[in-house]
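Derivation of every value follows stated rules applied to the coordinates shown; laboratory data play no part. Only a predicted model underlies this, so the values are computations on that prediction, with no experimental measurement involved. Glycine also receives a Cβ, built like all others from the backbone with ideal geometry; neighbour counts cover every protein chain displayed.
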Amino acid sequence: MNEMDNNEEIIESTGSSQNKPKPLRKLKRIQPSRAEQQHTGAGSYAPQHEMPPAESGRQMAGSGNERGYIPKHEAAPHPYVGKHEAVPDDAEYRRDYARHVEEMEYDPEDEDELPKKKKKRSNWRDPLVKTLSIIVSLVLICVLVLNLPILWYKKNGVKERVSIITYFKRWQPLVEIEGEIDKTNIDPKVNTNAMPDDDGLDLPQLVEGQYTVLFLGFDEDVFNTDVMWVCQFDILAGKLRILQIPRDSAVPDFTSSPNTKFNSIYSLGDPNINPPINRVVNAIYQCFGIPIDAYVTTTCFDIVDLVDCVGGIPMTLDAPIQYDGVTVVDSGDVVLNGVQAEWFIRYRQGWLEGDIGRMQNQRRFMAASMQKMLDIAKNEGKTKLYSYMKQIYDHKWIATDMSVEDLSKLIDFASNLSMDSVQVDMIPGEGSDGTKKYFGPDGHEYSIFSIHLQETLDLLNKYYRPYQQKLTRSDTAIIEWITDHAVSNYDEKTQTLDEVLNGAEPARTPN
């Protein structure tokens with residue numbers, strides 16, 4: 001009965017007899033007591049699932065998971081191997097362990113060294129990963145900040161929020177000297193059949209496919225513009241065309257100077273048009289039909305610094321140049337420094353054709369300077385060109401309304417040109433001399449350059465209006481002072497810079 005009662009208690013504590021018992025905990029080998037040895041015999045097998053003696057019922061009643069009696073303070077001599085497996089003896093267990101170690105090719109003596117090695121590897125990897133993570137995070141934060149629209153940008157009355165990067169790209173650090181070009185009254189008269197949809201350079205241009213820059217060089221008084229070049233970048237064709245305007249070109253409608261010369265427009269042009277750079281821009285557009293996108297100006301003194309900045313300009317002179325009767329530039333292969341370059345550009349007296357000879361000589365300097373720039377880009381890299389640009393910005397050796405981004409794009413475009421892809425032209429015409437004299441409104445006689453109208457229109461339509469409508473006589477404000485042309489030497493002066501660089505110098509006076 002007691003045995004049945006105990007069984008009922010076990011069933012009630014563990015649930016229904018139909019439910020499977022919970023998994024056994026780790027079983028320990030039970031060492032039989034002295035009384036049990038006497039009852040069963042020493043060394044006899046004790047069934048694993050046999051009920052313990054009645055006096056241990058208290059202990060089992062408190063634990064439904066344990067199905068056998070385990071002495072309280074005794075430990076099993078061997079770990080449990082399996083539910084119905086025999087426990088191996090110590091010798092067999094050691095042999096199995098040794099065989100397992102050999103199969104794994106594992107040396108137990110190195111156990112103490114492994115943590116040290118792992119710890120050693122983690123010592124240099126963990127800081128590296130942390131450092132890289134911090135750097136990447138800082139870079140991402142900087143990129144995010146630089147691209148956030150947090151700055152105000154205002155131009156032409158339009159104000160907008162832009163990012164720091166956009167603000168820097170649009171920055172015009174040298175525009176304060178001359179101011180902005182007014183483009184509101186310019187009608188480029190584009191040819192929709194020839195104009196491309198996009199030229200790929202993304203510049204603020206009036207005519208898609210081309211970008212035109214006016215270059216002006218001032219005299220020592222910063223009053224007259226003795227050097228006037230219209231530099232047209234034909235982006236689609238991959239060419240640069242430079243149109244030279246003779247400083248003595250007569251344009252009486254655009255200047256109050258009695259000599260009516262083009263080089264006086266900047267200082268003596270319409271006083272209602274300001275800043276003065278716009279007076280020259282308007283005259284070029286109304287006379288030659290070329291819309292100007294941007295400008296660059298410099299003085300003869302700044303040319304000295306510009307040439308010295310790049311390390312001089314290599315040239316070959318057929319004969320010495322004596323400037324002002326005192327200073328001399330030797331003949332042969334020379335590298336003009338800044339001062340010598342100024343003499344070379346301004347030298348006039350020794351040329352047979354006077355100012356026209358000087359313009360032809362300026363072409364030679366232009367070709368040599370272009371070759372110098374291409375050599376720098378090829379041998380030292382475009383980064384070197386950008387470093388020169390930074391020096392120009394810092395010292396303000398030029399004035400321009402181009403932004404940092406626009407000027408960088410043009411430098412990059414020009415550095416990929418060849419000497420054969422740069423073409424130089426001069427406005428056709430002839431000078432007043434002998435019987436063809438010009439008297440100004442003040443009654444004095446002046447030496448001028450009379451523009452040949454039709455020849456000029458032909459030149460412009462052929463080269464300088466590739467994406468515009470043809471220019472006609474009614475479209476231009478040119479006044480032709482000498483109609484019965486006696487000189488045609490200057491009507492076709494087209495040359496590439498390669499031809500200029502390898503050609504002869506202008507004719508000199510006999511003495």
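How would you rank HIS485, HIS444, going from fewest to most other Cβ atoms within 10 Å of each one's own Cβ?
By the 10 Å Cβ count, ascending: HIS444, HIS485.
How would you rank GLU499, GLU178, going from fewest to most other Cβ atoms within 10 Å of each one's own Cβ?
On the way: GLU499 15, GLU178 20.
Ordered by Cβ neighbours within 10 Å, fewest first: GLU499, GLU178.
Which order do peptides 348-360, 193-205 fall in by mean Cβ count within 10 Å, highest first? Intermediate values should be presented prior to the final figure.
Values: 348-360: 18.5, 193-205: 13.4.
My ranking of the peptides, most packed first, is 348-360, 193-205.
So which of LYS154/LYS470; LYS239/LYS372; LYS130/LYS390; LYS169/LYS396 end up more than 28 Å apart by C-alpha?
Pairs exceeding 28 Å: LYS154/LYS470; LYS130/LYS390.
Using alpha carbon centroids, what distance separates the range 274-314 and the range 452-511, in Å?
20 Å
Need the C-alpha centroid separation for the range 188-254 versus the range 318-382, integer Å.
23 Å
Name the shape class, rounded, prolate or oblate, that the alpha-carbon gyration tensor gives for the range 445-508, where a ≥ b ≥ c are the square roots of its eigenvalues, rounded holds for a/c under 1.5, and otherwise prolate holds if a/b is larger than b/c and oblate otherwise.
On the way: a/c = 2.79, a/b = 1.17, b/c = 2.39.
Oblate is the answer for the range 445-508, as a/c is 1.5 or above yet b/c matches or exceeds a/b.
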